[in-house]
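Working notes for the structure below.
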Amino acid sequence: MTVFVVSLFLPNTINFELPSSTSTTFPNRGRRTRPAAPKHAAARIETEQKPSLFAQKDITPPQTPIADIDHEEFFAQNENPELRQVFPKLNNIAPSDPHSPAWGSGRLFIQPPSRASSPPPADILKHNKTAEKAAALGRAGVRQPQSGRSVSHDRVFAHADWTVVPADQGNGGLRNAVQAAVRGGKLNDKIWVGTLGMPTDALEDTQQKQDIEDRLATEYDSLTVFCKDSDFDGHYTHYCKQILWPVFHYQIPDNPKNKAYEDHSWVYYVKVNQAFADKIVKNWKRGDVIWIHDYHLLLVPQMVRKKLPDAKIGFFLHVAFPSSEVFRCLAVRKELLEGMLGANLIGFQIHEYARHFLQTCSRLLCVEATNEGVQLEDRFVDVISLAIGIDPVALDMNRTDPDVAEWMKTMQERYRGKKLIVGRDKLDHVRGVRQKLLAYELFLNKNPQWRDKVVMIQVATSTTEQSELDATVSDIVMRVNSSWANLAYQPLVYLKQDISYAQYLALLTVADALMIASQREGMNLTCHEYLFCQDGKLEGHNKFGSLILSEFTGSASVFGGNELSVNPWDYRQCADAIKTALEMGDEEKIDRWKKLYTAVMHHTAEHWFSAFLQRLDMAYDEQHKRDTTSVPRLSLNALGHMYQDSKRRLFMLDYEGTLASWGSPNNIILTSPQRTIDVLNDLLADEKNIVYVMSGRQPEELDRLFKRVPNLGLIAENGCFIKEFGYSKWKEMPDPEKMRAWQESVEGTMRYYQERTPGSWIEKRHCSLIFHYKDADDFESASRQAGDCASHINDACEKQRVRAIPVDGAVTVEPIDWSKGTAAMKIFEGLKKNMPPNLDYTSPIDFLMVVGDGRDDEVIFRWANELDRDGTVGAVTTVSLGSRNTEAGCTLTQGVTGVLSVLQKLAAFA
């Protein structure tokens with residue numbers, strides 16, 4: 001079995017060695033090279049060329065510099081500025097995460113500049129010849145002003161030497177998880193699927209391009225997805241980063257500047273997703289596992305499912321998932337949800353994101369969403385929450401690098417006598433850098449005793465964010481330092497640059513506190529790495545620092561409140577948290593750290609990887625068993641033998657769609673077909689048989705339907721009412737007062753949506769309410785209203801123990817605590833109490849047959865199958881008539897006619 005790990009970026013990319021004839025044009029003689037990552041751990045940062053600070057080791061650095069430029073030199077990287085001038089768009093995809101040692105190396109790759117225009121042209125939606133004409137001009141070698149270089153000049157890359165190197169960009173947490181799983185023996189055969197993270201148009205269709213693909217496939221277990229530069233730019237830079245990323249992090253597109261209004265980049269998003277799907281389908285073999293990652297590839301699961309219906313597909317979203325109110329702002333919301341639902345298992349970092357997804361599916365797609373997943377027409381999709389973590393083994397190996405110890409020593413000398421608060425974030429609106437710095441400014445204003453004693457070091461990594469935020473943050477930094485800095489002290493160190501991995505680990509180790517103020521974040525692994533580095537094991541370090549963490553990060557959900565939780569919009573609370581962190585006693589710090597460390601070591605990358613694949617196997621096997629194409633047909637011969645060998649039999653038969661065809665509740669004539677009546681009477685003629693008919697109808701309706709069938713047991717309103725076999729009175733299971741209480745509030749909500757949905761109507765029953773919209777004037781609009789109605793009721797009435805369930809053309813609101821399953825258990829317990837004393841077996845029955853066709857019958861199938869598994873009943877048969885995914889043990893494809901024929905033949909056996 002091969003596991004396809006599908007992410008936008010491969011863990012490796014290509015670095016080109018340009019011909020000597022172009023060395024003056026493309027200077028790169030001062031660059032560093034990085035060895036390939038060892039297979040047993042994450043790659044370690046090469047440290048042969050130290051920052052200039054270490055060139056003269058006999059000089060002691062000043063304790064507290066007063067200018068930002070001094071700090072920039074302190075953390076300086078070996079970067080070739082001339083290379084940037086020649087290639088202004090070189091390596092134009094910023095590193096995503098610092099959770100792997102490939103991050104922050106300062107290495108500039110020599111790669112072709114992109115030929116894509118930015119932003120992508122909206123002409124693609126007009127289906128005209130503009131794009132084709134531009135492409136033709138490009139092939140002819142005409143200069144393209146958007147890239148600033150001629151195409152013919154770029155062709156030098158098509159014939160240049162190249163090497164495979166670890167990539168900077170991509171999901172570092174995912175890579176560490178894969179490495180940990182391989183090292184731990186949990187993953188033996190894998191294939192990465194992704195792009196190189198670089199422009200590839202300049203390579204054209206050369207042999208070199210094929211050689212790169214072959215080399216990555218044979219030596220690095222990677223399938224390379226090649227996309228046109230324009231497609232990738234429209235997909236990643238525009239749709240992912242300017243539309244999906246903000247919306248998924250609660251940045252609602254409510255202003256004219258927002259790019260969500262320019263949705264032509266959606267076309268490119270689809271094209272890149274299709275390229276991934278095609279690559280997977282081409283290389284998939286039966287038994288392989290496909291695991292797709294993150295918001296860049298939301299459409300891939302469904303695209304693959306269309307071509308490979310039996311494939312085992314998992315999807316994991318590494319970022320947050322917003323509430324339905326935010327997600328519905330996307331113009332292509334249904335397409336994105338349906339794309340994700342192509343998977344067998346969908347994973348989220350925390351329960352909150354999974355709940356938002358389920359509510360959004362219910363609201364926008366009008367499907368039934370339970371706590372376990374989403375029920376589609378023909379299959380079930382499992383949904384789980386499973387927090388990713390760090391790789392402690394690799395992290396421990398990397399922090400033994402001598403450079404880490406050297407940087408620790410240097411930082412401790414430089415900031416001797418000062419408390420260090422550290423922050424490392426991307427500079428965007430989501431990460432809350434502005435809010436953090438404002439809170440720190442307030443802290444210094446309110447606590448003058450801490451001036452000269454505390455320094456905040458804020459690292460702001462590369463980003464494509466607009467310059468407005470950069471200017472705002474710079475103003476705050478200048479204001480703070482101008483207010484309290486002096487010749488020997490600078491309270492705020494702001495580094496708008498990446499630092500090396502060794503510096504990063506050293507900074508986490510010497511810090512007295514880490515502060516994270518993200519407004520939304522799927523899972524912040526920086527705080528996990530910080531807690532690990534604070535274990536006091538490194539020589540010269542023995543502190544258990546505090547963690548100040550935004551309550552809006554996924555990590556806050558796994559730490560159990562042992563962190564200092566803050567609302568990043570509450571500057572006063574954040575300022576007080578800084579004071580608490582700095583003044584906390586050693587005993588409390590150690591106690592908090594131990595609990596946080598335990599959580600970090602439980603939610604590791606290896607655990608996350610193996611746990612997800614185990615759940616995917618379970619979900620796939622269960623769904624495959626429940627697939628109607630996998631469930632065997634009912635065998636009448638076997639059923640007949642069990643029937644004849646039994647002494648006391650119980651039949652539980654659904655009515656609508658099973659014993660009789662569905663009719664319109666508006667105008668149905670409440671009389672059962674004569675054949676149904678005759679079959680039931682034939683069964684009841686045998687004194688060994690007990691027969692119950694189940695229905696969603698009200699008790700008085702069932703009385704009229706079956707008045708010609710004496711001694712028939714009845715279950716009304718899906719388990720809320722029971723008329724026991726041989727009795728004439730009904731028993732109401734729920735409390736009538738509670739029923740009336742919730743019905744009043746729910747009916748008011750339904751009336752609101754009914755008034756806005758012409759052609760809809762409300763059906764009121766004793767224990768349920770149904771909002772019918774199948775005959776609405778505008779069905780599409782009615783479906784949206786129904787989804788909103790269901791979502792509203794589920795949010796508002798959860799404590800009243802009722803739920804709204806979207807069904808075909810209707811929304812049913814019913815009690816959670818009462819179902820056909822609870823009614824069946826009640827009946828079974830009653831039979832046990834009234835067992836005839838002369839029976840020679842312990843169970844009240846030895847033959848049980850359950851037949852149904854709908855969603856509400858699944859619960860009774862489950863109950864009956866459990867009785868079969870534990871041996872309570874000798875012979876159990878569960879039969880489904882529907883085409884949906886089912887827990888029934890067998891199917892019957894002839895519908896109502898088939899059911900009546902089977903029952904008639906059983907009655908004849910007597």
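The values are calculated or read from the model by the stated rules, or taken from the named source; none is laboratory data. Just so it is clear, the model here is predicted, and its values are computed rather than measured. Backbone-built Cβ (ideal geometry, glycine too); neighbour counts: all protein chains shown.
Where in the stretch 753-824 are the strands (runs of 3 or more DSSP E), entirely inside, with at least 1 residues that are of a type in the set (S, T, N, Q)?
Working: elements: 761-764, 769-772, 802-807, 810-815.
Hits in the stretch 753-824: 810-815.
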ask   = Taking Trp863 and the conditions (1) part of a loop (DSSP other than H, G, I, E, B); (2) in contact with a Gly (Cβ under 7 Å, 6 or more places away or on another chain), which numbered condition does it fall short on, given that it satisfies the others?
value = (1)
Ala471 being over 25 Å from Met584 (Cβ atoms), surrounded by 22 or more Cβ atoms within 10 Å (Cβ to Cβ) and hydrophobic (A, V, I, L, M, F, W, C) = no
task = Look through Leu659, Leu653 and report the one residue that is over 37 Å from the mean Cα position of the chain (by Cα), hydrophobic (A, V, I, L, M, F, W, C) and at pLDDT 95 or above.
result = Leu653
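Out of the residues in the stretch 625-652 that are part of a helix (DSSP H, G or I) and without any contact (Cβ under 8 Å) to a residue 24 or more places away in the chain, state the one that is farthest from Phe4 (Cα to Cα).
Keep residues of the stretch 625-652 that are part of a helix (DSSP H, G or I), which gives 625-626, 636-645.
From what's left, without any contact (Cβ under 8 Å) to a residue 24 or more places away in the chain: 625, 637-638, 641.
On the way: Lys625: 24, Asn637: 45, Ala638: 43, His641: 48 Å.
Selected residue: His641.
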task = Might you let me know whether the stretch 800-818 holds any residue that is touching a helix residue (DSSP H, G or I) at 6+ places or on another chain (Cβ under 7 Å), farther than 30 Å from Leu653 by Cβ, surrounded by fewer than 19 Cβ atoms within 10 Å (Cβ to Cβ) and not hydrophobic (A, V, I, L, M, F, W, C)?
result = yes
key: Residue under evaluation Leu680, criteria (1) hydrophobic (A, V, I, L, M, F, W, C); (2) at pLDDT below 90; (3) surrounded by 14 or more Cβ atoms within 10 Å (Cβ to Cβ), criterion not met   = (2)
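Looking at the stretch 446-480, which of its residues are touching a residue at least 40 places away in the same chain (Cβ under 8 Å) and over 21 Å from Gln519 (Cα atoms)?
Within the stretch 446-480, the first condition is being touching a residue at least 40 places away in the same chain (Cβ under 8 Å), and the residues that meet it are 446-447, 450-451, 454-457, 459, 461-464, 469-470, 473, 476-477, 480.
Result: Lys446, Asn447, Trp450, Arg451, Val454, Val455, Val480.
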query = Could you list, in sequence order, the residues of the stretch 351-401 that are closer than 20 Å to Leu298 by Cβ, assigned to a loop (DSSP other than H, G, I, E, B) and either in contact with a Phe, Trp or Tyr (Cβ under 9 Å, 6 or more places away or on another chain) or not assigned by TED's automatic domain parsing to the domain that holds Lys312 (or both)?
reply = Leu386, Ile388
request  = Kindly provide the set of residues from the stretch 321-360 that are aromatic (Phe, Trp, Tyr) and farther than 20 Å from Arg305 by Cβ, ordered by number.
outcome  = Phe321, Phe327, Tyr353
key: Selected residue [over 15 Å from Pro815 (Cβ atoms), among the acidic types (Asp, Glu) and outside the structural domain of Tyr655 (by TED's automatic domain parsing)] from Glu687, Glu755, Glu701   = Glu755
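Of the residues Asn283, Asn273, which single one is modelled with pLDDT of 95 or more, of a type in the set (S, T, N, Q) and within 21 Å of Gly522 (Cβ to Cβ)?
When all the criteria are applied, what remains is Asn273.
Got a sec? Which of Ala513, Ala517, Ala581 is in contact with a Ser or Thr (Cβ under 6 Å, 6 or more places away or on another chain) and either surrounded by fewer than 23 Cβ atoms within 10 Å (Cβ to Cβ) or farther than 30 Å from Leu174 by Cβ (or both)? Reasoning before the result, please.
Details: Ala513 fails: either surrounded by fewer than 23 Cβ atoms within 10 Å (Cβ to Cβ) or farther than 30 Å from Leu174 by Cβ (or both); Ala517 fails: either surrounded by fewer than 23 Cβ atoms within 10 Å (Cβ to Cβ) or farther than 30 Å from Leu174 by Cβ (or both).
Exactly one residue qualifies, and that residue is Ala581.
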request  = Among the candidates Ser230, Ser222, single out the residue that is of a type outside the set (A, V, I, L, M), touching a strand residue (DSSP E or B) at 6+ places or on another chain (Cβ under 6 Å) and surrounded by 19 or more Cβ atoms within 10 Å (Cβ to Cβ).
outcome  = Ser222
query = Here are Asn838, Asn885, Asn834: which of them is buried (at least 20 other Cβ atoms within 10 Å of the Cβ) and at pLDDT below 85?
reply = Asn885
task = Kindly indicate whether any position in the stretch 320-330 is crowded, with 20+ Cβ neighbours inside 10 Å, in contact (Cβ under 8 Å) with a residue 40 or more places away in the chain, under 26 Å from His624 (Cβ atoms) and not basic (Lys, Arg).
result = no
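Here is a list: Thr580, Thr598, Thr553. Which entry is β-branched (Val, Ile, Thr), more than 30 Å from Gly347 (Cβ to Cβ) and modelled with pLDDT of 90 or more?
Values: Thr598 fails: more than 30 Å from Gly347 (Cβ to Cβ); Thr553 fails: more than 30 Å from Gly347 (Cβ to Cβ).
Result of the check over Thr580, Thr598, Thr553: Thr580.
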inquiry  = Being in a helix (DSSP H, G or I) and farther than 14 Å from Ile457 by Cα is the filter here; which residues of the stretch 426-437 pass it?
reply    = Gln435
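Residues of the stretch 302-315 being crowded, with 23+ Cβ neighbours inside 10 Å and either part of a loop (DSSP other than H, G, I, E, B) or not charged (D, E, K, R) (or both), which ones?
Residues of the stretch 302-315 that are crowded, with 23+ Cβ neighbours inside 10 Å, as a first pass: 304, 312-315.
Within the stretch 302-315, Val304, Ile313, Gly314, Phe315 qualify.
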inquiry  = Being closer than 25 Å to Glu701 by Cα and surrounded by 13 or more Cβ atoms within 10 Å (Cβ to Cβ) is the filter here; which residues of the stretch 755-771 pass it?
reply    = Gly759, Ser760, Trp761, Ile762, Glu763, Arg765, His766, Cys767, Ser768, Leu769, Ile770, Phe771
